[in-house]
Amino acid sequence: HGFIFRFETWANVKDSLVEEYGPEADSVLFKAAINAGRRSAHRRLDVTQNKKEALKLLTAFKVSQNWGKIIFSKIDFKKKTGTIHIIDSFEANKIRSLKPICHFFRGYLCGFLSELLEDSIEITEDKCKAQGKEKCEFSFHRKKN
């Protein structure tokens, strides 16, 4: 079950949040997505207890929902580090920016990976399609205490 937003509608939602909350809108989007990512990890792990397989299931599902093509690489399950590329991120589509803007996606992935890896994970978006890059690129690591 679900619904579809046009890319322009999503951009309008983000613009409205920025108008209302200013720079804090990025944090709102990030935090709002964390629990969704956690729930998604639980759904994937209910089907398979294999972490690599859970990542494959997530990737296939998000492509089918037109979120973009997620590519996990350089994943070290012991160190809890890795890189994520997203080709055609729904969040960066139809937007131009000088800085990375995929805060919802970053929060979603943060929640998903924190649950999957059973640890607090930090994610940064290093490159963004909204900046004119070919794809969005995120890096993640275990959150330092």
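The values are calculated or read from the model by the stated rules, or taken from the named source; none is laboratory data. Everything quoted here is computed from the prediction, not taken from an experiment. Cβ atoms come from the backbone with ideal geometry, glycine included; neighbour counts cover every protein chain shown. Surface accessibility is based on the protein's heavy atoms, side chains included, excluding ligands, DNA and RNA. Shrake-Rupley method; radii C 1.70, N 1.55, O 1.52, S 1.80 Å.
Of the solvent-accessible surface of region 37-108, computed with a 1.4 Å probe over protein heavy atoms with every protein chain present, carbon and sulfur atoms account for 54 percent. Averaging over all projection directions, the Cα-based convex hull of region 1-80 occupies 6.9 nm² in the image plane. Of the listed residues TYR108, TYR21, the order by accessible area with a 1.4 Å probe, largest first, is TYR21, TYR108. The 1.4 Å probe gives accessible areas that order GLU53, GLU91, GLU137, largest first, as GLU53, GLU137, GLU91. Close lysine pairs were tallied over region 76-139: pairs 8 or more places apart or on different chains with Cα atoms under 19 Å apart number 9. Couplings 3J(HN,Hα) for region 89-100, derived from phi with the Karplus relation 6.51 cos²θ - 1.76 cosθ + 1.60 (θ = phi - 60°), are 4, 4, 6, 9, 5, 6, 10, 10, 7, 7, 10, x Hz, where x marks Gly and Pro.
Only the Cβ atoms of Lys and Arg (+1) and of Asp and Glu (-1) were treated as charged; on that basis the dipole of the chain about its Cα centre amounts to roughly 560 debye. Backbone amide hydrogens, once placed in the peptide plane, bring THR81 within less than 5 Å of ASP76, excluding anything fewer than 5 places away on its chain.
Close amide H pairs (under 5 Å, H built 1.01 Å from N) link ILE121 with SER114, LYS143, residues at least 5 positions away or on another chain. Helix 7-21 axis versus longest C-alpha principal axis of the chain: approximately 80°, rounded to the nearest ten. Ranked by solvent-accessible area (1.4 Å probe, protein heavy atoms only, all chains present), the residues ARG38, ARG96, ARG43 order from largest to smallest as ARG96, ARG43, ARG38. Entry comment: accessible area of region 21-91 is 59 Å² per residue, from protein heavy atoms only and a probe of 1.4 Å.
Per-residue ellipticity at 222 nm from helix content only, as computed over the chain with -39500 (n - 2.57) for each DSSP H run of at least four residues, stands at -15500 deg cm²/dmol. Helix 24-47 and the longest principal axis of the C-alpha atoms of the chain enclose an angle of approximately 30°.
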